[in-house]
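Have a look at the structure below, then the notes.
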Amino acid sequence: MIREPRWLADRTHYVIWANHTALNRKINNRMLDLVSSAQSNEPNLAADAAPVTRKNTMENLRFSHLLRIFTLSLVLASSLSHAEIRQVCADTVIASLKATLELGEETSIRASACKQWPDDESKMLVAIAYEPAKYPESTNFELPLQIVMVSADTLMILSHYKGSISEDAVTHVEQYSLEFDTARYFLGKNIRAFGLKIHANVEPRFSEGGADDYLSLYVFEGKEIRPVLSGLSMRNWRYEGGIPGGVADNYTTRTTNFTLSIAQTTSHGFADLLISAKTTGRRKILKHTLQYDGKSYPFDLTDLWIELDKVK
């Protein structure tokens, strides 16, 4: 009997593990067939085929071994990719935290994300966006959001943040809208921030463009989790030469992607943040620095967008 490993925290990981197990079993069966065929020294029924020899068998075994290594590499890469994109929490985690956070049985979980803390395997980050029992029928609403650091074994809450996500006609939170970013955001000595990215754009039919992948950074302060950067859109686009659904539907999409890194300079004790902006079809990458003001990293990207418009 094959025992499931402890890290199977969600259905996505289970499917990946199960597929790899099934494929590995097929490879093992093929290897056994080859060995059995070599031992019995049965002639090959095909007239133009070479007889099975020990040399052929060893070559086939070697090939099967390499195939297994290659397959495992693909599975691990796929697992990491899915883990980054699909971080939805297991049902048992949601059920436990609904009770601990006193969300109520009638609360509907809209989105969730779970990710192990890179510095300590015994800890896990959890984010939950949910609809309360009495959800207003409006296109503009503050969807409650709770972020916690918990013990991975007991799910005891170690640190906590309670906030909200603004929803409107073009922003809607769905099952896979939340994604943790645990890159090495070291803002100071022993101060490691983490990010939560929100994929929540609903592209309207008539629009000049839009934005998505809103990144916020948080730091730990004892039992509290404090936001230091709020809602920086990492993916932005605009339509040129028309708009989708317009009279003249001949348009092109111009996309600008942001990446965030840590600068060598500091402000008020925290490292500055460096935005790198790259627009599709343009070679030049523009930089913009965000400085900590003692409480957060405020940003006004007007000048950056003006410079981006000048890039050819």
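The values are calculated or read from the model by the stated rules, or taken from the named source; none is laboratory data. In this text, all values refer to a predicted model and were calculated from it rather than measured experimentally. Here the Cβ positions follow ideal geometry from the backbone for every residue, glycine too, while neighbour counts run over all protein chains shown.
Yes or no, residue by residue, for (1) surrounded by 15 or more Cβ atoms within 10 Å (Cβ to Cβ); (2) over 15 Å from residue 210 (Cα atoms); (3) at pLDDT below 95; (4) small (Gly, Ala, Ser):
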| position | (1), (2), (3), (4) |
| --- | --- |
| 227 | yes, yes, no, no |
| 236 | yes, no, yes, no |
| 242 | no, no, yes, yes |
| 261 | no, yes, no, yes |
| 277 | yes, yes, no, yes |
| 288 | yes, yes, no, no |
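For the range 131-140, check the following and say yes or no: at least one residue is of a type in the set (A, V, I, L, M, F, W, C), out of contact with any helix residue (DSSP H, G or I) (no Cβ under 7 Å at 6 or more places or on another chain) and either within 19 Å of residue 92 (Cα to Cα) or modelled with pLDDT of 95 or more (or both). Write out each step before concluding.
Kept after step one, since they are of a type in the set (A, V, I, L, M, F, W, C), are these residues of the range 131-140: 133.
Checking the rest, the ones that are also out of contact with any helix residue (DSSP H, G or I) (no Cβ under 7 Å at 6 or more places or on another chain) come to 133.
Remaining after also requiring either within 19 Å of residue 92 (Cα to Cα) or modelled with pLDDT of 95 or more (or both): none.
So far as the range 131-140 goes, no, none of its residues is of a type in the set (A, V, I, L, M, F, W, C), out of contact with any helix residue (DSSP H, G or I) (no Cβ under 7 Å at 6 or more places or on another chain) and either within 19 Å of residue 92 (Cα to Cα) or modelled with pLDDT of 95 or more (or both).
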